[in-house]
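Colleague: What follows is a structure written as structure tokens; I'll ask about it next.
The values are calculated or read from the model by the stated rules, or taken from the named source; none is laboratory data. All values reported here derive from a predicted model rather than from experimental measurement. All Cβ positions, even for glycine, are placed from backbone atoms using ideal geometry, and neighbour counts span all protein chains on display. Ligands, DNA and RNA are excluded from the accessible area calculation, which covers all protein heavy atoms including side chains. Shrake-Rupley method; radii C 1.70, N 1.55, O 1.52, S 1.80 Å.
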Amino acid sequence: MDTVRADAGTPNLLTAGLSQTLIPQPCTLVIFGGAGDLSARKLLPAVYNLSLDGVLPANFAIVGFARNELDDSSFRAIARDGIERFSRRPLDETHWAQYSHSLFYVTGSFTDRQAYVELRRRLEKVESEFGIPGNRVFYLSIPPSLIETCVEQLKAAGFVADPHEAPISRIIVEKPVGRDLVSARGINEMLARTFDESQIFRIDHYLGKETVQNILVLRFANSVLEPLWNAKYVDHVQLTVAEEEGVGQRAGYYEEAGALRDMVQNHILQVLAMIAMEPPWSLDPENIRDAKLDVLRCLRRLTGSDVETHVVRAQYGPGYHHGEDVPGYRREEGVRRDSTTETYVALKMFIDNWRWAGVPFYVRTGKRLPKRVSEAAIYFKSVPEILFNTNRDAPLESNVLTLRIQPDEGFSLRLSSKLPGPKVRIYPVKMDFHYGATFGDSSPEAYERLLLDVMSGDATLFMRRDAVEASWAWVTALLEAWEASRTRYVPEYPAGSWGPVEADRLIEADGRKWRTL
Amino acid sequence: MTPTDVIASEPRAVSLGGIERELARPWPEREGPPAERAARALMGNLIIVCRHQHEEPEIAQEVSAIVSQYPSRVLLLVADAGSRSTEMEASVTIQRRFRGASQHVCGEVATIRAGSPAAPRLASTARAVLLGDLPTALWWATAEAPPLAGDLFVELAELTDQVVYDSFAWTDPLRQLIVMANWVGGKGSRVTADLAWRRPKLWRRLIAQSLDPSIAPGALEAIREVHIEHGPHALTEAWLLTGWLAFRLGWIPRGGKVLPGPEVSWSFEWAHGTPRVEIRRHPEGETDLRTIRIVTRVNARPVTFRFEREAPGRVSVFADGLADRTLWLTGPVHTRGQLVARQLPDLARDRLFESSVALARTMAETVL
């Protein structure tokens, strides 16, 4: 992704060739829900860090828009508090003194047409003051139920510009986009009535993580890996997204979602697509997104009896978290006592294409697992049972390439080596690469990269409509199978364990086992 | 990450042949009990050359800043032009970086000192100590155009993938600029970076943004005058910035002259007119670019963009005739060592820099 991009319009002769990869447009970032939690914890600190790095345009402002009765000064206080608490770099008083003057706030209900009139009036004033040529990025940091209203109001108030002409209008929509295929299509259709697909940025912060971006670099910038990246040499792949926390304050949302919708439909399928995709013929965002879509379309649907043998869902029961008693899921505040919402899911998936024919992708994700870790592990096939691998009681460990997404981002490769000494004893050794150790610079937060991408018009790391619908199509088939089974039994696993015994059986039935993390 | 996170061991004197052995010594043996062992992860080799012994202490300090961002094996070669000693001496230090409970070796630093008679042997010493399979960079940390050092530079440059230098404070900058530009454009050149090109990055960015056609339609085509003021030693920064502007806009230098007082001026020619550039030096004060005024027209109205250094890492712009508000752009303030560290991972040639240097050479030739 090493090309300089610019948006449509008269080219700027001075811009081409600057070392800055992404060139954001002068614009106003309008945060719907600007006083909310995501805004304070992630968005405002992310923009602040971009500003500290000098990568934002000088002609830039933020306008928060929400129901909360605030003024510019109290919005700036929220931003300051968020930066002090959550920014990866401490607040710099000198910088803040000027930066804070680019933050503004408009109070208004998302359903009130008059509020949009006020928003427009304020935007025009800010744009005039900052010399911003009408470019606007709307970040919808709001509950899914309000998206349609906001989009319709934006359209009615004339905020949406022609996608092929300046100034630019872009909209950022948070996941989840829908809760099944039908609702996802509905939301996409609704968005499409107002915005062109090139103006819509469906954000999944996972895709902004350095390690996720590095998957493509690792695969396609290293000639040693790609020839092995197929069913001939790969035995299986394991994807794990483990969370330590329980459902916390999100019970209302989580009861309706569950692990499959919350994690698998977006984060995990996106990462899986990057691991399994064919080489795109260029780094153009659409080519990369096409390649990912192809993988999603090749996912074998899990229906009928497959669901019994390929899927395990479970809920955490009471247990221990770092030695402390923690309640089971159904005892959490806001959770129904007879809830069957899964907090854990393990899957055996197949990608029915030439490259991955017969290679199982084992996926597990859950809450209240022993530690927070996200990784993908590619298990290569074992060497033949000759030479050093003749002892069936102690077969050689196969090579494993592990991509750690969080924490401690990096990757490692397990190889077999001879132990020093007169005997030939083989021992697995791990070659480790840690981002933090090798590269001195700290990685930017995912939101920093993603917001910069939107301002620069680069959609590579955002989910395209067809990909969202393809992943929902796969997930919905499974949801329908669960619905049809009408089971009221969801196995429990003790909080603080690595999941239910049924998940162990799922993988052990194939003569394999889950990684120790 | 700041250099204060990096702790250096006491220098240990070693023989020239013992450098590699000392650096490769197993860490448990060197660092004590296993609990204190440090992981080792290096991004590259860095050869640093200075030509005067008095430069060494400052550079030694900067090494910490470099290895904290760019963990590396560092060979600091002190080719002391003022010494007639025929001897060479070496010492080794290890730099460790702490993160939480873990520690990493981020710098393996060998310092080799030689008087001028022994300087020709430095390259052979470096050759024996570089780590294989890692990029190698040469930072010419003396205030002179590296090719002026003759064989020492040629031999060391051959070992490297990248040459970093700093034209800041060059004496006789015009002639040195021509020497350097000839090397950059020559056959045997490597990826090349001048820190005086990196420093005004914020200025280039702000100029590019402010004169963007979406904000100031027609401003680039209508530029008539550019006035640059800079502090002591920053002539090459101003020169390279003019080279960049002229290269990007396709201006052809038609003439230049050194005016009485600390001023240089040029006239250019292109499809839209004959813009004029003046560079003026302030003899005292901050050693940065101070102001840039660009006189142009936007929508047929005369507009003057005034870019001003407000503070280190902060540049403001006011478009007189176009806007009511001063805007600003801020960026991190880097020491020389940090600038080097940020440059080292850039393994691709910076064609924009190379083209700007080439144009700056043409500009220099017009005034000599």
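Colleague: Taking Cα atoms, how many degrees apart are the long axis of helix B:351-367 and the longest axis of chain B, rounded to 10 and kept between 0 and 90?
Modeller: 60 degrees
Colleague: What does the C-alpha gyration tensor say about the overall shape of the range A:129-197? Classify as rounded when a/c is under 1.5, otherwise prolate if a/b is larger than b/c, or oblate.
Modeller: Prolate, since a/c reaches 1.5 and a/b exceeds b/c.
Colleague: Once you keep just the Cα pairs under 8 angstrom separated by 6 or more residues, what percentage relative contact order results for the range A:377-475?
Modeller: Across the range A:377-475, relative contact order equals 16 percent.
Colleague: Enter the Cα centre distance for the pair the range A:202-239 and the range A:53-107, rounded to the nearest angstrom.
Modeller: Computed from Cα coordinates, the inter-centre distance equals 36 Å.
Colleague: Hey, another quick one. Calculated from DSSP H runs of 4 or more alone, at -39500 (n - 2.57) each and per residue, what is the 222 nm mean residue ellipticity of chain A, nearest 500?
Modeller: Mean residue ellipticity, 222 nm, calculated: -9500 deg cm²/dmol.
Colleague: What distance in nm separates the simple spin-label points at A:Met431 and A:Met190, each placed 7 Å from Cα in the Cβ direction?
Modeller: Once both label points are built, they end up 5.1 nm from each other.
Colleague: Would you calculate the volume per residue, in Å³, of the smallest convex hull containing every Cα atom of chain A?
Modeller: In chain A, the Cα convex hull volume per residue is 177 Å³.
Colleague: Nearest 5 percent is fine: what portion of the DSSP beta bridges confined to the protein assembly as shown is antiparallel?
Modeller: Expressed as a percentage, antiparallel bridges in the protein assembly as shown total about 60.
Colleague: While we're on this one: Figure the gain on full extension for B:Ile252 and B:Leu347 (residue separation times 0.36 nm, minus the Cα-Cα span) and round it to one decimal in nm.
Modeller: So the chain would gain 31.2 nm between B:Ile252 and B:Leu347.
Colleague: Sticking with this structure for a sec: When the chain is fully extended, how far beyond the present Cα-Cα distance does A:Leu225 get from A:Glu152, taking 0.36 nm per residue of separation?
Modeller: Net length gain for the segment: 21.5 nm.
Colleague: Further question on the same structure: Give the interface area between chains A and B as buried accessible surface, both sides summed, probe 1.4 Å, in Å² to the nearest 100.
Modeller: 3200 Å²
Colleague: Using a 1.4 angstrom probe on protein heavy atoms only, which residues from the range B:297-336 are buried by at least 50 Å² of accessible area when all chains are present rather than their own chain alone?
Modeller: Residues losing area: B:Arg314, B:Arg325, B:Leu327, B:Trp328, B:Thr330.
Colleague: On to the next question. Under 20 Å Cα-Cα from A:Lys418, which aspartates and glutamates qualify once same-chain neighbours fewer than 8 residues away are excluded?
Modeller: A:Glu385, A:Asp393, A:Glu397, A:Asp432
Colleague: Which whole-number value in Å² is the accessible area per residue of the range B:160-226, probe 1.4 Å?
Modeller: So the range B:160-226 comes to 32 Å² accessible per residue, rounded to a whole number.
Colleague: Moving on. Between the range A:112-174 and the range B:70-112, how far is it from one alpha carbon centroid to the other, in angstrom?
Modeller: Value for the Cα centre distance between the two parts: 55 Å.
Colleague: Using Cα springs under 10 Å in a Gaussian network model of chain B, which residue among B:Ala319, B:Ala234, B:Ala157 shows the largest mean-square fluctuation?
Modeller: B:Ala319
Colleague: Between B:Ser265 and B:Gln61, what is the label-point separation in nm under the 7 Å Cα-to-beta-carbon projection?
Modeller: Label at B:Gln61, label at B:Ser265, 4.1 nm between them.
Colleague: Report the gain in length on full extension from B:Ile7 to B:Glu158: 0.36 nm times residue separation, minus Cα-Cα distance, nm rounded to one decimal.
Modeller: Working it through step by step, the gained length comes to 51.2 nm.
Colleague: Tell me whether the protein assembly as shown comes out rounded, prolate or oblate; compute the Cα gyration tensor, take square roots of the eigenvalues as a ≥ b ≥ c, and use a/c under 1.5 as the rounded threshold.
Modeller: The shape class here is oblate.
Colleague: Another question, if that's okay. Which value in Å does the Kirkwood hydrodynamic radius of the range A:54-124 take, with 1/r averaged over all unlike C-alpha pairs and then inverted?
Modeller: Final number for the Kirkwood radius of the range A:54-124 is 13.4 Å.
Colleague: What nm value, rounded to one decimal, do you get for the distance between A:Gln249 and A:Glu333 when each label is placed 7 Å out toward the C-beta?
Modeller: Using points 7 Å along Cα→Cβ, the separation is 1.0 nm.
Colleague: Name the longest site-free stretch of chain A, where the excluded sites are chymotrypsin sites (Phe, Trp or Tyr not before Pro) in a DSSP loop with no more than 12 other beta-carbon atoms within 10 Å.
Modeller: The longest uninterrupted stretch comes out as A:1-280.
Colleague: Would you grab the residues whose amide H sits under 5 Å from the one on B:Trp139? Only those 5+ places off in sequence or on another chain, please, with H modelled 1.01 Å from N.
Modeller: The list, which skips near neighbours in sequence, is B:Ile47, B:Ile48, B:Val49, B:Val164.
Colleague: For the range A:32-40, in order, what is each residue's ³J(HN,Hα) by Karplus, 6.51 cos²θ - 1.76 cosθ + 1.60 with θ = phi - 60°, in whole Hz (x at glycine and Pro)?
Modeller: Each residue of the range A:32-40 in turn: 6, x, x, 9, x, 5, 4, 4, 6 Hz.
Colleague: Filter the trypsin sites (Lys or Arg not before Pro) in the range A:363-464 to those in DSSP coil with at most 15 other Cβ atoms within 10 Å of their Cβ, and list the result.
Modeller: Qualifying residues, ordered by number: A:Lys371, A:Arg372, A:Lys381, A:Arg392, A:Lys423, A:Arg425.
Colleague: Right, something else. In 10 Å bins starting at 0, how do the alpha-carbon pair distances of the range A:16-99 split up by percent?
Modeller: In order of increasing distance, the bins hold 17, 50, 28, 5, 0 percent.
Colleague: Could I ask something else about it? Against the longest alpha carbon principal axis of chain A, how many degrees, from 0 to 90 and to the nearest 10, is the axis of helix A:113-130 turned?
Modeller: It works out to around 80 degrees.
Colleague: Could you list the residues of the range A:285-303 with an amide nitrogen less than 14 Å from a label point located 7 Å from the Cα of A:Asn353 in the Cα-to-C-beta direction?
Modeller: Within reach of a label on A:Asn353: A:287-300.
Colleague: For the protein assembly as shown, which whole percent of the accessible surface, found with a 1.4 angstrom probe, sits on carbon and sulfur atoms?
Modeller: Percent of accessible area from carbon and sulfur atoms in the protein assembly as shown: 51.
Colleague: Can you bin the range B:220-368 into rounded, prolate or oblate? Criterion: square roots of the alpha carbon gyration tensor eigenvalues sorted a ≥ b ≥ c, rounded for a/c under 1.5, prolate for a/b above b/c, oblate for the rest.
Modeller: Here the range B:220-368 falls in the rounded category.
Colleague: A:Asp72 to A:Asp92: FRET efficiency via 1/(1 + (r/R0)^6), r the Cβ-Cβ distance, R0 22 Å, to the nearest 0.05?
Modeller: Computed FRET efficiency for A:Asp72 and A:Asp92: 0.60.
Colleague: While we're looking at this one, here's another question. I need the per residue convex hull volume for the range A:170-286, using only the alpha carbons, in cubic angstrom as a whole number.
Modeller: 155 Å³
Colleague: Right, something else. Which is the longest part of chain A that has none of the GluC sites (Glu not before Pro) sitting in a DSSP loop with at most 10 other Cβ atoms within 10 Å?
Modeller: The reported range is A:334-517.
Colleague: If you don't mind, another one. Percent antiparallel among DSSP beta bridges with both residues in chain B, to the nearest 5?
Modeller: 60 percent
Colleague: Turning to a different aspect of this structure: Provide the FRET efficiency to the nearest 0.05 for the A:Ile386-A:Arg488 pair, computing r from the beta carbons and using R0 = 41 Å.
Modeller: 0.20
Colleague: List the GluC sites (Glu not before Pro) within the range B:285-368 that fall in a DSSP loop (any state other than H, G, I, E or B) and whose Cβ has at most 14 other Cβ atoms within 10 Å.
Modeller: Answer in residue order: B:Glu286.
Colleague: A further question follows. Taking the Cβ-Cβ separation of A:Ser282 and A:Lys125 as r and a Förster radius of 45 Å, what is the calculated FRET efficiency to the nearest 0.05?
Modeller: 0.60
Colleague: Shifting gears a bit: Determine the residues within the range B:205-230 where the difference in accessible area between the chain on its own and the full set of protein chains amounts to at least 40 Å²; count protein heavy atoms only and use a 1.4 Å probe.
Modeller: Hits at the 40 Å² cut-off: B:Arg205, B:Ala208, B:Gln209, B:Pro213, B:Ser214, B:Ile215, B:Leu220.
Colleague: Where the centroid of each part is defined by its Cα atoms, how far is the range A:389-463 from the range B:260-293 in Å?
Modeller: Computed from Cα coordinates, the inter-centre distance equals 52 Å.
Colleague: Right, something else. Tally Lys/Arg at +1 and Asp/Glu at -1 over every other residue whose Cβ is under 10 Å from the Cβ of A:Leu451; what's the total?
Modeller: -1
Colleague: Round to the nearest 10 and give me the degree value, 0 to 90, for the angle of helix B:201-210's Cα axis relative to the longest principal axis of chain B.
Modeller: Rounded to the nearest ten degrees, it is 30.
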